[in-house]
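One structure below.
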Amino acid sequence: MKVDEIRKVTVVGAGVMGSGIAQVLATNGYYVTLIDISDEFLRKGLENIKNGPFGLKRLVEKGKLTEDQVKEIMARITTTTDYQIGCSDADIVIEAVPEVLELKHKVFKKLDELCPERTILASNTSSLMISEIASVVKKPERVIGMHWFNPAPIMKLIEVIKGAMTSNEVRDLIMEFSKKLGKVPIEVKDGPGFFVVRYLNVILMEAIRLYEEGVAGIKEIDEMCKLGLGWPMGPFELMDLIGLDVVYHIAEYNYHVLADPHVAPPVTLRKMFHAGYLGKKVGSKGGWYDYLGIQK
Ligand SMILES: NC(=O)c1ccc[n+]([C@@H]2O[C@H](COP(=O)([O-])OP(=O)(O)OC[C@H]3O[C@@H](n4cnc5c(N)ncnc54)[C@H](O)[C@@H]3O)[C@@H](O)[C@H]2O)c1
């Protein structure tokens, strides 16, 4: 397949990342099928694309899109809970379901079964090794990491990761495709967290441990990173944006693979995850500031 032959892209998981990725694809003229496990999740995904903080309505308000263009973009997106419908004629599938290896395996087995042989199977995983995800499919040559960043419509970087068996052709195509979407792809070796997340995880876990040690409070650490390091947001604000479930799963997996205590989830994060404090995402009890009752 050549990059200009790509027409249809299926996105599995209509959450924070899946909906953002679908928005970028449809804005660039691709026909998108969004798959999720219920109509309610699909409705929320579409709502995020239209009216979310980085959605199309905001671009109309900024004068970057017209109402007619928004209608055309939305018309290119269809939704379904039926994998058969979503997979039957996809050129590329981008998987964006929660960061749990067993779940990714379940999804990739289904994709392997239902997609035509030519379909490229990409994962937006933040940390799970592509070789490990690809271990359940018959043709791991077609499985690749295509790691977007949050918010997908804004962030330019895409990490492209070959698993142990991924073909060079698939890698080249995804690099070209990412460029066509206006993104900057950079190839990274397979390993837990690839580059950005492996590096970021250490910084985030250290911020939590410094808070637990009493070196400074949550609000103060966020302020210091913004004022002293010039970061656009502090580490606790960033974790709330990413989603504390994602942050927790990444730390658990990196610790599982690397056995380095510096990358392990500290006790407070573990407690928050199990208590349902998942950051800013829908259905969460709130993030760090809510859990600790801190006024912003
Ligand atoms: N949140 C981030 O900042 C971020 C950034 C980059 C990559 N990622 C990665 O993207 C992936 C998704 O993360 P997210 O933050 O969008 O999660 P999310 O929880 O917001 O969305 C996941 C979606 O997948 C759906 N889902 C669950 N099981 C499914 C199944 N079997 N089939 C189809 N859909 C299913 C859920 O209903 C939900 O809508 C994860 O691998 C995560 O590590 C996240």
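Keeping to the stretch 118-131, report how many residues are of a type in the set (Ser, Thr, Tyr) and assigned to a helix (DSSP H, G or I).
First, pick out the residues of the stretch 118-131 that are of a type in the set (Ser, Thr, Tyr): 119, 123, 125-127, 131.
Now drop any that are not assigned to a helix (DSSP H, G or I), which leaves 131.
Counting residues in the stretch 118-131 that are of a type in the set (Ser, Thr, Tyr) and assigned to a helix (DSSP H, G or I) gives 1.
For the stretch 219-236, check the following and say yes or no: at least one residue is outside the structural domain of Ile133 (by TED's automatic domain parsing), closer than 30 Å to Thr166 by Cβ and assigned to a helix (DSSP H, G or I). Show your work before the answer.
Here is the first cut: in the stretch 219-236, the ones outside the structural domain of Ile133 (by TED's automatic domain parsing) are 219-236.
Filter once more, keeping what is closer than 30 Å to Thr166 by Cβ: none.
No, every residue in the stretch 219-236 fails to be outside the structural domain of Ile133 (by TED's automatic domain parsing), closer than 30 Å to Thr166 by Cβ and assigned to a helix (DSSP H, G or I).
Of the residues in the stretch 100-117, how many are surrounded by fewer than 21 Cβ atoms within 10 Å (Cβ to Cβ) and either of a type in the set (A, V, I, L, M) or part of a loop (DSSP other than H, G, I, E, B) (or both)?
Within the stretch 100-117, residues that are surrounded by fewer than 21 Cβ atoms within 10 Å (Cβ to Cβ) and either of a type in the set (A, V, I, L, M) or part of a loop (DSSP other than H, G, I, E, B) (or both) number 6.
For the stretch 100-131, enumerate the residues that are within 13 Å of the ligand (Cβ to nearest atom) and of a type outside the set (A, V, I, L, M). Steps first, answer last, please.
Looking only at the stretch 100-131, we keep the residues that are within 13 Å of the ligand (Cβ to nearest atom), and these are 100-111, 114, 122-130.
Once the filter is applied, which keeps residues that are within 13 Å of the ligand (Cβ to nearest atom) and of a type outside the set (A, V, I, L, M), the stretch 100-131 yields Glu102, Lys104, His105, Lys106, Phe108, Lys109, Lys110, Ser123, Asn124, Thr125, Ser126, Ser127.
Tell me which residues, restricted to the stretch 100-115, are among the acidic types (Asp, Glu) and either within 11 Å of Val137 (Cβ to Cβ) or in contact (Cβ under 8 Å) with a residue 60 or more places away in the chain (or both).
If the condition is that a residue be among the acidic types (Asp, Glu) and either within 11 Å of Val137 (Cβ to Cβ) or in contact (Cβ under 8 Å) with a residue 60 or more places away in the chain (or both), then Asp112, Glu113 are the ones that fit.
Anything in the stretch 132-169 that is hydrophobic (A, V, I, L, M, F, W, C), under 20 Å from the mean Cα position of the chain (by Cα) and either in a loop (DSSP other than H, G, I, E, B) or more than 16 Å from the ligand (Cβ to nearest atom) (or both)? List them, or say none.
Trp148, Phe149, Ala152, Ile154, Met155
Evaluate the stretch 274-284: report whether one residue or more is assigned to a helix (DSSP H, G or I), closer than 28 Å to Ile133 by Cβ and either aromatic (Phe, Trp, Tyr) or out of contact with any Ser or Thr (no Cβ under 6 Å at 6 or more places or on another chain) (or both).
Checked against the condition, which is being assigned to a helix (DSSP H, G or I), closer than 28 Å to Ile133 by Cβ and either aromatic (Phe, Trp, Tyr) or out of contact with any Ser or Thr (no Cβ under 6 Å at 6 or more places or on another chain) (or both), the stretch 274-284 yields at least one hit.
The rows are residues; the columns are (1) in contact with a Phe, Trp or Tyr (Cβ under 9 Å, 6 or more places away or on another chain); (2) touching a residue at least 12 places away in the same chain (Cβ under 8 Å).
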{"position": "Lys8", "(1), (2)": "yes, yes"}
{"position": "Val12", "(1), (2)": "yes, yes"}
{"position": "Gly20", "(1), (2)": "yes, yes"}
{"position": "Asp39", "(1), (2)": "no, yes"}
{"position": "Pro53", "(1), (2)": "no, yes"}
{"position": "Leu59", "(1), (2)": "no, no"}
{"position": "Asp68", "(1), (2)": "no, no"}
{"position": "Ile73", "(1), (2)": "no, yes"}
{"position": "Arg76", "(1), (2)": "yes, yes"}
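Only one of Lys2, Lys8, Lys64 is within 20 Å of Val107 (Cα to Cα) and more than 16 Å from the ligand (Cβ to nearest atom). Can you tell me which?
Lys8
Are any residues in the stretch 264-296 within 16 Å of the ligand (Cβ to nearest atom), under 21 Å from Gly217 (Cα atoms) and aliphatic (A, V, I, L, M), and if so, which ones?
Hits for the stretch 264-296 are Leu269, Met272, Leu278.
Give just the number: which of (1) of a type outside the set (Lys, Arg); (2) more than 9 Å from the ligand (Cβ to nearest atom); (3) surrounded by fewer than 16 Cβ atoms within 10 Å (Cβ to Cβ); (4) closer than 19 Å to Ser123 by Cα does Ile37 not satisfy?
(2)
Among the candidates Val93, Val97, which residue alone is buried (at least 23 other Cβ atoms within 10 Å of the Cβ) and either in contact (Cβ under 8 Å) with a residue 24 or more places away in the chain or within 16 Å of the ligand (Cβ to nearest atom) (or both)? Working first, answer last.
Values: Val97 fails: buried (at least 23 other Cβ atoms within 10 Å of the Cβ).
Just one listed residue meets the conditions, Val93.
The values are calculated or read from the model by the stated rules, or taken from the named source; none is laboratory data. On a predicted model such as this, the values are computed, not experimentally measured, just so you know. Cβ sites come from the backbone with ideal geometry, for glycine too, and all protein chains shown count toward neighbours.
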